[in-house]
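Asker: So that we are looking at the same thing, I have put the structure below in structure tokens.
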Amino acid sequence: MAKASVATNVTRSNRKWIIGYSIAGLVLFITYQFLLPWDGLPSGIYQAVNQWFPPSAINESLVYVIMALGLNIVVGYAGLLDLGYVAFWAIGGYCAGWFMSEFFYFINVHFLGSVPAEAPGIHINFWMVLLIGGFVCALFGILIGAPTLRLKSDYLALVTLGFGEIIPQVFFNGENFFGFNISNGTRGIVRVDPIPVGVKNLGPFDFGWKLLIFLFLTAVMVFISLRLRRGRLGRAWLAIREDELAASMMGVPLMRTKLAAYAVGAFAGGLGGVAFATHVDGVYAERFNFTISIFLLAMVVLGGMGNVWGVILGAFVLSWVNGNGLSAFGRVYNDAFGTKIDFASFTFLIFGLVLILMMLFKREGFLPESRLKLMLNEDELDEADASGKKKVGK
Amino acid sequence: MAKVAEAKTFKGTPGQIRQQRIERIGAISLSGIAAVWMIANLIKAPEQFAQVAISGLRNGLIYALIALGYTLVYGIIELINFAHGDLFMLSAVFSSFFITYWLGADQSNGYGWFAFGLCLVAVMIFGAVINVLIERFAYRRLRHAPRLAPLITAVGMSFLLNFIGLKWNGSTPRQWPTVIPSGDIYIGEIRISMITIWLFLIGFPLLVGLNYLVTSTKQGKAMRATSQDRDASTLMGINVNKTIAFTFALGGAMAGAAGLLYQQSIGTTNYNLGFQLGLIAFTSAVLGGIGNLWGAVLGGLLIGLIQGLNDGLPIAFGQQWSQSVVFTILIIILVFKPAGLLGKTVTEKV
């Protein structure tokens, strides 16, 4: 039975999705770029869309989707719990801050940048910074993973949590990091370069066009996720997730495979970090905190660990709730009933409940990956087997 | 991944010998660096050194009390109970409300001490009940699930408690009056606040009592048996569910006491207190050797000491790097000596 479901998964994940994805993306893009500013649109619809789904919230959700897809490779594919994913976001963000702004005002480096040549600072082309951010993050992923991946799963979670605290703190106190200013500290790096797309430079308020760019980045991540999953590396990840001992007996190199998961996951974090920096037009140290890591984890868990489409759905829904949905609902509710409830503060409740209830009642998520569903529920099918397993340290 | 059973002399497979060498070299060089750092500071500012060391130990006692909860729970069901730190935070908020609003005690006199004593009992029950409820409704159902599931649930639980704290305490830190007498006594040039002394007078009996409970009573014996082999203890007639619930109750009671002591010594409560302190406490538990009661106490005091020295000494990273220092210790310990300082040597089959 497991074999059959794997086969369907493989056939499903060929390139057909690109068509559907492109159509959905185009509809979204046309809606926000052309339909929304159109004069003929009834003002009711315009206001409703702006209240419930403003363009900036959609873009932000897409950044979260990119991140969640990266975390999905680590948590969903390889089964390694990473509670410090925000560290990669921060590193990616500061890559954008360093290489695409006037932060290093004392030097003047330009490389296909989008600002006039006399502007001080390092200005490298956005697309290259994306790659730089991704690879720097991947490097950090390997650096973090190399000494720690031998640990047991829950110790690993803790070490990643530690890194997720240390790296943002480095940036937070970065105004004086052994005498160097690496991050402007709490003031943050304000203004990063616009995105050059040939004919035009996309500033912070070109939501529609940037939506297209973020959709493209998401598609890249989906493509990477699906391709890797079908390949040798992806199968090795799944094997490790399901039974590490058996996988190593079958000749899967544990360390190298886990490191690869970390590196690819971190790469996505770098992409997302750079994208987010252009989205908010700056890098602010206090935004990178532990809650972000848990938000991302909740997104992966809600949609279905291991399933790309589930993760996209979960990330979209939860980041919308976190960013705009809850406060929009709060405004409507408070207007209607004359109350003054601070709905934004309920995010903790919602995310906590999502994690708990999903783990208790629907561990495989709302769009489950069939293979993971089998695995997550197998132990409950056979209690005796489960208690027998405990002795071999599972 | 073979965890090494370390021995006095190096033996085992070549890999294990190498691991032991790395461990020993790492331990020697790290303690060397720490010793040089401390001596340099001691020469530079001896009084300051003693002062920050004492206040560090005071925080360390609170860390130790929280760390006990982590260590007890990890010892028995191998779960990192992420919600434990937030339970501590809720206890601190509960104590503030209990003493200040519900009993109306706001200065240190006879009534203040009465309120404090009553609150100590109440908050320990409070912590125990909440922890048992969490275990009953969340973790128990996941006892046979894959490792990831209870861990993620614990993180979610931490968020849930965080939310309750946010609604109860408010989003900003709150100042509270304390009922423990504040005053200082001087030993030479070194100032020791009365609060520190009281904290140790109240906290240490708790630690000793817990140790007695675990090592010398029948219930404690059941706990130790359950942590060794759950199935075998079932066969021996131990009610495993009850024993695990009892363990959670003990851990919760300790977190409750820690919450009261923290609130009375620092005087402020904040809803996001639990995350930071919980992590520090967990680091303490790991440093001392998770599953080992005195290890947790030793680890807590050590971490408190190191943190105090780092925050207050002239040659140190300073307070803004406090968290990073603690987490670096955590990572170093986990990488080089996962068994901790006093931890039992565990040979794992996988």
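Asker: What residue, among those in the range A:94-119 that are aromatic (Phe, Trp, Tyr) and in a loop (DSSP other than H, G, I, E, B), is farthest from the chain's Cα centre (by Cα)?
Answerer: Step by step, filter the range A:94-119, then rank; the result is A:Phe106.
Asker: Identify, by number, the condition in (1) under 30 Å from A:Leu158 (Cβ atoms); (2) touching a Ser or Thr at 6+ places or on another chain (Cβ under 6 Å); (3) touching a residue at least 40 places away in the same chain (Cβ under 8 Å) that A:Asn322 doesn't meet.
Answerer: In the conditions (1) under 30 Å from A:Leu158 (Cβ atoms); (2) touching a Ser or Thr at 6+ places or on another chain (Cβ under 6 Å); (3) touching a residue at least 40 places away in the same chain (Cβ under 8 Å), A:Asn322 misses (3) alone.
Asker: Would you mind stating whether A:Tyr333 is among the hydroxyl-bearing types (Ser, Thr, Tyr) and free of Cβ contacts under 8 Å to residues at least 60 places away in the same chain?
Answerer: yes
Asker: In addition: Among A:Phe343, A:Phe316, A:Phe351, A:Phe290, which is the only one that is under 30 Å from A:Ala239 (Cα atoms), within 13 Å of chain B (Cβ to nearest Cβ) and in contact with a helix residue (DSSP H, G or I) (Cβ under 6 Å, 6 or more places away or on another chain)?
Answerer: Step by step, each of A:Phe343, A:Phe316, A:Phe351, A:Phe290 is checked, and only A:Phe351 is under 30 Å from A:Ala239 (Cα atoms), within 13 Å of chain B (Cβ to nearest Cβ) and in contact with a helix residue (DSSP H, G or I) (Cβ under 6 Å, 6 or more places away or on another chain).
Asker: Applying the selection to the range B:161-207, what residues are touching a strand residue (DSSP E or B) at 6+ places or on another chain (Cβ under 9 Å) and acidic (Asp, Glu)?
Answerer: Once the filter is applied, which keeps residues that are touching a strand residue (DSSP E or B) at 6+ places or on another chain (Cβ under 9 Å) and acidic (Asp, Glu), the range B:161-207 yields only B:Asp184.
Asker: Report, by residue number, each residue of the range A:189-201 that is touching a residue at least 12 places away in the same chain (Cβ under 8 Å) and over 17 Å from A:Gly92 (Cβ atoms).
Answerer: A:Val190, A:Arg191, A:Pro194, A:Pro196, A:Val197, A:Asn201
Asker: Here is a follow-up. Quick one: in the range A:76-116, of everything that is farther than 26 Å from A:Phe172 by Cα and among the hydroxyl-bearing types (Ser, Thr, Tyr), which residue is nearest to the other protein chains (Cβ to nearest Cβ)?
Answerer: Residue satisfying both the conditions and the ranking: A:Tyr77.
Asker: Just checking, which of A:Ile132, A:Ile91, A:Ile122, A:Ile144 is at pLDDT below 90, in contact with a Phe, Trp or Tyr (Cβ under 7 Å, 6 or more places away or on another chain) and part of a helix (DSSP H, G or I)?
Answerer: A:Ile144
Asker: If you check A:Tyr32 against the conditions, is it surrounded by 14 or more Cβ atoms within 10 Å (Cβ to Cβ), over 21 Å from A:Gly310 (Cβ atoms) and touching a helix residue (DSSP H, G or I) at 6+ places or on another chain (Cβ under 6 Å)?
Answerer: yes
Asker: Still on this structure, I have one more. Would you say A:Tyr262 is more than 13 Å from every other protein chain (Cβ to nearest Cβ) and either closer than 22 Å to A:Val129 by Cα or of a type outside the set (S, T, N, Q) (or both)?
Answerer: When the stated conditions are applied, A:Tyr262 passes them.
Asker: Quick one: in the range B:292-319, of everything that is of a type in the set (Val, Ile, Thr) and more than 17 Å from B:Gly69 (Cα to Cα), which residue is surrounded by the most Cβ atoms within 10 Å (Cβ to Cβ)?
Answerer: Once the filter is applied, the top-ranked residue is B:Ile306.
Asker: Just one of (1) more than 19 Å from B:Ile266 (Cα to Cα); (2) touching a residue at least 12 places away in the same chain (Cβ under 8 Å); (3) within 14 Å of chain A (Cβ to nearest Cβ) trips up B:Leu148, so point out which.
Answerer: (2)
Asker: Separate question: Just need a number here: residues in the range B:222-237 that are among the basic types (Lys, Arg) and either under 18 Å from B:Trp294 (Cβ atoms) or exposed (fewer than 12 other Cβ atoms within 10 Å of the Cβ) (or both).
Answerer: Counting residues in the range B:222-237 that are among the basic types (Lys, Arg) and either under 18 Å from B:Trp294 (Cβ atoms) or exposed (fewer than 12 other Cβ atoms within 10 Å of the Cβ) (or both) gives 1.
Asker: Looking only at the range A:105-118, filter to residues that are in contact (Cβ under 8 Å) with a residue 12 or more places away in the chain and surrounded by fewer than 16 Cβ atoms within 10 Å (Cβ to Cβ); which one of those is nearest to A:Arg191 (Cα to Cα)?
Answerer: Residue satisfying both the conditions and the ranking: A:Tyr105.
Asker: To continue, here is another question. If you go through the range B:238-273 one residue at a time, how many are under 24 Å from B:Gly209 (Cβ atoms) and surrounded by 20 or more Cβ atoms within 10 Å (Cβ to Cβ)?
Answerer: Result for the range B:238-273: 22.
The values are calculated or read from the model by the stated rules, or taken from the named source; none is laboratory data. All values reported here derive from a predicted model rather than from experimental measurement. Heads up, the Cβs are rebuilt from the backbone with ideal geometry, glycines too, and the neighbour counts pull from every protein chain shown.
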